[in-house]
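A short write-up of the structure that comes next.
The values are calculated or read from the model by the stated rules, or taken from the named source; none is laboratory data. No experiment lies behind these values; they were computed from the predicted model shown. So basically every Cβ, Gly included, is an ideal-geometry build from the backbone, and we count neighbours across all protein chains shown. What goes into the accessible areas is simple: the full protein's heavy atoms, side chains included, and nothing from ligands, DNA or RNA. Shrake-Rupley method; radii C 1.70, N 1.55, O 1.52, S 1.80 Å.
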Amino acid sequence: MPNIDMDAPGSNQLFIGNEAMARGALEAGIGFASAYPGTPSSEILGSLSEVAKKRDIYVEWSVNEKVAIEAGAAASFAGVRALVAMKMNGLNTVIDFLSTITLSGIGKKGIVVMVGDDPSAHSSSNETDSRPVSKWLDIPLVEPGDFQEAKDMMPFLYGISEEFGTISIMRSVTRIAHARGNIKLGEIPKIAHKARFEQYLDPAAPMPTPIMCVPSSFRHMFQHMRMDKVREKFESCSFNRYVGPDKPDLLIITAGSGWLYSQDAVNALKAENRIGILKLGTLWPLPEKLIKTHLSKADKVIFIEETDPFLEGVIMEYTAGFSPESKRNLFYGKHTRHLNSFGELTPDAVIKAITSVLDIKYAPRDAEYMKKVEAVPQGHVMDRLLTFCPGCPHRASFWAIKNALAMDGRNGFVTGDIGCYTMALGPAGFFQTRTHQCMGAGAGLANGFGQLSRFGFNQPVVSVVGDSTFYHSIIPALVNGVHNHSNFTLVILDNGATAMTGFQPHPGTELTAMGEPAAQISMENICRAIGARVEICDPFDLKDTTRTILDLVEQDQGARVAIMRRTCELVRQKKEKKPYKMQIDPDKCLGEDCGCNRLCTRVFRCPGLIWDAAAGKTRIDEVICTACGVCADICPEGAITKEAIA
Amino acid sequence: MVTKTKGIGDLFKEIIDKGLCTVCGACVGDCPYVVFYRGKIRMLDFCNRTEGHCYEYCPRTFTDLDAISNKIHGTSYTGDEIGTVKEVLMARAGDSKTRAKAQYGGTVSALLSLALDNGVIDAAILSKNTDDKLPSGFVARSSAQVLEGAGSNYMAYPALEALNGMPRDSKDRLGIVVTPCQAIALAKMKVSPPSQRVSMENVRLSIGLFCTWALAYDRFFEFIKNNVSPAKIKKFDIPPPPANRFDFYIGKEVESFPLDGIRNYRMSTCAYCLDMTAEFTDISLGSVEGIEGWNTVIVRTQQGMDIVEEAKKKGVLEIKELPAQNLVHLKDAALIKKARAVQAIVERTGDKNDLMYLGISDNLKGKLLSHRVTAQGGH
Ligand SMILES: Cc1cc2nc3c(=O)[nH]c(=O)nc-3n(C[C@H](O)[C@H](O)[C@H](O)COP(=O)(O)OP(=O)(O)OC[C@H]3O[C@@H](n4cnc5c(N)ncnc54)[C@H](O)[C@@H]3O)c2cc1C
Ligand code: SF4
Ligand code: SF4
């Protein structure tokens, strides 16, 4: 990871988009940053936390996005620039707060929400486009079209936030957030932050208190007036620009990563003389005059943007208000099915859309090309199942859950949540997870299922959540369940890490984001205080864990809790050696015979086990196996053995 | 009638999910996919094989009765009331301590103790009650341990799971106590021995219990929990007809329930069972109508003869002739069970030629179908 706070103004550095944004925030002089991890936004706070002490800023991994944004707002209220980062799922959970802070206004210093969208949902439950939020909640929103902008837009956005007294949003997408590019550094100002919550009662004061959203309609009107002023400002903003001929055959209107794809497409088609690109950086409120000027110069217009037809819809809607004498453009994009309104944009899709509108012939690559591309990694890259790491405690936990539910025999099921363990939808977790929504939803659903016995429902419900998820959004669901006597078992997979997003601390772990000792919050104490029965087990003790889950499931009343405690294997590995020597006795291994049929490599499927088809036996993959020893306990023949290494 | 061996999925589809499972345990304990839990056979994972021992040995999948009869008795299946017989007699344990702990005459416990003592077997697979009064399998290696298992628990339990659970390379010679359905499964295992389990050659002595029906573990356990406190129960008993009672011995007291009510808790699969006297064992036994503290004993094989002779010689057993009238009643009861089962099977399949799991010759089919259910018999 590069040093994001290097003192080298004017130099060029290779940063990923998220680091560029973090650098931008430093150059903007933030004093406060809070976030909940979520791909593709996690590296922003992660990289800030590394330099927090040196730069004397406060950085926090918050328990969830809602607390993060409210904490950030407090900094703004007290006169310190604040950055709040989250992924789009997080944005959904803070809508309520956003809808009031747009009315109340912010403090003397700016606050920026950086939201990472994940088109194609590479690492998400959905691919929601965040941009429409800006329109329906009246919030200025910008989106960088390249890495330099990712940095430069930050100071700009703080300027907007403070000049107009409004919270502002920066949207980026995975391909900007996680790709690496060159940026030219600016200067990081030395600021001695002074925080004070001034309590002026005079409405004419710069920040009159109380800070509130009533009278709401009046303040709503006021926010609209602010937005009109922001729009004026955006008309001449250099993040919006046009390249191309004066009167293009086709005008591309684009933003974000669409800008990169559009330039590539025009290059590839050698159509610089025919196609113009209007690249927008300030997406809300839109610079209407600028757009109108460019629309008047082209007949055909195509929109290239990630996910939803946001610009497409807004601009077409806007042209409906043009005078009858104005030019009537032909619009192309997602509504004409030239591009999809789902999944990620690709350079190919953009080229295809353009060639189809302009009726250009273009064979992007020879037909054999893809075959050749696919052949390259063969033999170098292993075919790997989407699964838990070797030695992952989750595999053992789901093994125990599976067996317990099968033994119970009432068709029980798992309501899932968000974390590595989401993979339990598939073979990694033996297909146990049967619902998958957003963070906390599994426990909420379990609450509801658990009340349906009056309608004949008799299936055991097991809500499986991670430790970070527990603190993030499960506690209210557990309170609800205990209070209302809902019948479900909550299983908390406590591996001491927010593993999926990169091991950020959470309220149960030892250190804060600043690397200081944290007050660790005991999840068992919380659960017991709520009034739930709590059992704690080690998932690697399969027998005990299975028995415990079965016992909890069979209790068949009230909300009760099992904590499966075992350190994430990736964390353990960094600190300890392999605990066992694992061996397989080929004479005992039954292979595909009746009595086993490859339980270990067909069902359990730890990547540390290899099926040697020629020999008809299982082998240990010494390189991958972490010697957790769990497979020794599932082998029905005792063929797999673990020998403790002193 | 399906005669082909299939896999675990079919076992569940055709037998277990259809209420035909006897909980004998033939499909349990041998592989990691099937377990017994609280009275039910459960599948933990799908094993994905199209053929398996679980399906093959199940007493409710196709069963070639001639083949198993030939294996155990050296003759084809006759369809006679009480099967192939060498001798019928009446016996009880010579030792009064054994009798005191046992169900009736203590013949089962006495014979097993003797077999262990004189080295015919090294271990016996029996049932013993858990604290909840649920039967569970265990391996006895001494006469003291045999006595721990004395007494009848009328709930069906997977006796053969305990057999399957023996180490594959075990050299122990084994005795085992089985109900008739378990005896059929065991006989099927002997006909085509599994390669990956404990050797069937090791099973030297099978003692069968007479059985009219057995109680469904899960449902009857609910009944016990709701009506008598399980921890206090010392003994269960179904006194011979015409008592028509089910007795719980609680301390010195006896709490009785009408047998008709208890009958509701029997396993549905028992209705299709042809065998009352455990025909495919070495020795089988039950109570003696009207004579308390004795067992009716049917000796069926040479091994059975040998051990009974030895027991007689050593005074381990007191032996008398079974009164002629008792034998007549026993045969009547056994015949009624056969007739009822065939009738129930035909009702279920709707086809006189389809006798479900029963693999028998057309001649015998006719013989069995001609029995009429007349008198009341058995418990
Ligand atoms: C389910 C069931 C139904 C029966 N139905 C009849 C009947 O209809 N008519 C009749 O005359 N007799 C019946 N009996 C047999 C009878 O109850 C006695 O077990 C038999 O007479 C032997 O008596 P004993 O004194 O020699 O027994 P004991 O010396 O006390 O030995 C009994 C043996 O049976 C084993 N055992 C106990 N419960 C079970 C079980 N559930 N499954 C397998 N083994 C078990 C014990 O481990 C013990 O070794 C039935 C037994 C059972 C278990
Ligand atoms: S010991 Fe077994 S389960 Fe654990 S990592 Fe190695 S192969 Fe996987
Ligand atoms: S009858 Fe026996 S073998 Fe058949 S399914 Fe039931 S327990 Fe398994």
Compute the length gained on full extension between residue A:376 and residue A:459: take 0.36 nm times their separation in residues and subtract their Cα-Cα distance, giving the result in nm to one decimal.
25.0 nm
Could you grab the relative contact order for chain B? Cα pairs under 8 Å, six or more apart, rounded to a whole percent.
22 percent
Where does each of B:294-302, A:111-119 land if you order them by average Cβ count within 10 Å, highest first?
A:111-119, B:294-302
Label-point separation (nm) for residue B:46 and residue A:577, each offset 7 Å from Cα along Cα-to-Cβ?
4.4 nm
Summing -39500 (n - 2.57) over every DSSP H run of at least 4 in chain B, dividing by its residue total and rounding to the nearest 500, the 222 nm mean residue ellipticity is -9000 deg cm²/dmol
Please turn the phi angles of region B:337-350 into ³J(HN,Hα) values with the Karplus equation 6.51 cos²θ - 1.76 cosθ + 1.60 (θ = phi - 60°), one per residue in order, whole Hz, x for glycine and proline.
4, 4, 4, 4, 5, 5, 4, 5, 5, 5, 4, 6, 7, x
Calculate how many DSSP beta bridges within chain B are antiparallel, expressed in % of all such bridges and rounded to the nearest 5.
70 percent
How many percent of the accessible area of region A:264-304 is carbon or sulfur, using a 1.4 Å probe?
46 percent
Please work out the FRET efficiency for the pair residue A:198 and residue A:54, using the Cβ-Cβ distance as r and a Förster radius of 25 Å; give the result to the nearest 0.05.
0.30
Most fluctuating residue of B:50, B:179, B:98 in a GNM of chain B with Cα springs under 10 Å: which is it?
B:50
Percent carbon-and-sulfur accessible area, region A:12-235, ignoring ligands, DNA and RNA, probe 1.4 Å:
55 percent
Could you check the simple spin-label distance between residue A:514 and residue A:386, using points 7 Å along Cα→Cβ, in nm with one decimal?
4.0 nm
Rounded to the nearest 500, what is the 222 nm mean residue ellipticity of chain A from helices alone, with -39500 (n - 2.57) per DSSP H run of 4+ residues and division by all residues?
-10000 deg cm²/dmol
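Could you sort out which of B:4/B:86; B:18/B:352; A:279/A:352 sit more than 23 Å apart by Cα distance in this structure?
Too far apart for the 23 Å limit: B:4/B:86.
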Relative contact order [Cα under 8 Å, 6+ residues apart], region A:12-235, whole percent:
27 percent
Taking 8 Å as the Cα distance limit and 6 or more residues as the minimum spacing, I'd like the relative contact order of chain A as a percentage.
11 percent
Where a ≥ b ≥ c are root eigenvalues of the Cα gyration tensor, a/c under 1.5 meaning rounded, otherwise prolate if a/b exceeds b/c and oblate otherwise, chain B counts as rounded
Using 0.36 nm times the number of residues separating residue B:365 and residue B:128, minus their current alpha carbon distance, what extension gain do you get?
81.5 nm
I'd like the FRET efficiency for residue B:263 and residue B:169, computed as 1/(1 + (r/R0)^6) with the beta carbon distance as r and R0 of 51 Å, rounded to 0.05.
0.70
Rg ratio (alpha-carbon, reference 2.2 N^0.38 Å) - region A:195-234:
1.41
The protein assembly as shown - share of DSSP beta bridges that are antiparallel (%, nearest 5)
45 percent
C-alpha center-to-center spacing [region B:280-351, region A:451-521] in angstrom:
61 Å
I'd like to compare B:17-23, B:250-256, B:317-323: which one has the highest average count of other Cβ atoms within 10 Å, and what's the full order after that?
B:17-23, B:317-323, B:250-256
Ballpark to the nearest 100 Å², how much total accessible area do A and B bury together, probe 1.4 Å?
1700 Å²
Mind jotting down the distance between the C-alpha centroids of region A:607-646 and region B:16-84, whole Å?
32 Å
Hey, if you drop one equal point scatterer on each alpha-carbon of region B:207-264 and run the Debye formula without solvent, what base-10 log of I(q)/I(0) do you get at q = 0.30 Å⁻¹?
-1.42
Just in region B:45-154: which GluC sites (Glu not before Pro) are loop by DSSP and have at most 13 other Cβ atoms within 10 Å?
none
Let me know the mean shielding of B:29-36 by other chains, meaning the per-residue number of their Cβ atoms within 10 Å of its Cβ.
5
Inter-label distance for residue B:223 and residue A:212, nm, one decimal - labels placed 7 Å from Cα along Cα-to-Cβ:
7.1 nm
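I'd like to compare B:272-282, A:262-272: which one has the highest average count of other Cβ atoms within 10 Å, and what's the full order after that?
Answer by packing, highest mean first, reads B:272-282, A:262-272.
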Residues in region B:45-75 occluded by at least 30 Å² - accessible area, probe radius 1.4 Å, against chain by itself:
B:45, B:49
Under 16 Å Cα-Cα from residue B:337, which aspartates and glutamates qualify once same-chain neighbours fewer than 8 residues away are excluded?
B:80, B:81, B:275, B:279, B:347
What fraction of the DSSP beta bridges in region A:12-235 is antiparallel, stated in percent and rounded to the nearest 5?
20 percent
Mind jotting down the distance between the C-alpha centroids of region B:90-133 and region A:164-220, whole Å?
86 Å
Scalar couplings 3J(HN,Hα) for region A:577-588 by Karplus 6.51 cos²θ - 1.76 cosθ + 1.60 (θ = phi - 60°), nearest whole Hz, x for Gly and Pro, are 8, 4, x, 10, 9, 9, 9, 10, 8, x, 6, 8
Over the Cα atoms of chain A the radius of gyration and the largest Cα-Cα distance (Dmax), both in Å, equal 27.7, 88
Length gain on complete extension for the stretch residue A:557 to residue A:340, per 0.36 nm per residue less the alpha carbon to alpha carbon distance?
73.4 nm
Can you tell me the alpha carbon radius of gyration of region A:577-644 divided by the globular rule-of-thumb value 2.2 N^0.38 Å?
1.00
Residue-normalised value, i.e. accessible area per residue, for region A:393-572 at 1.4 Å probe, in Å², stands at 37 Å²
Can you work out the FRET efficiency for the pair residue A:182 and residue A:3, with r the C-beta to C-beta distance and R0 = 22 Å, to the nearest 0.05?
0.90
What's the average, rounded to a whole number, of partner chain beta-carbon atoms within 10 Å of each residue's beta-carbon in B:188-201?
1
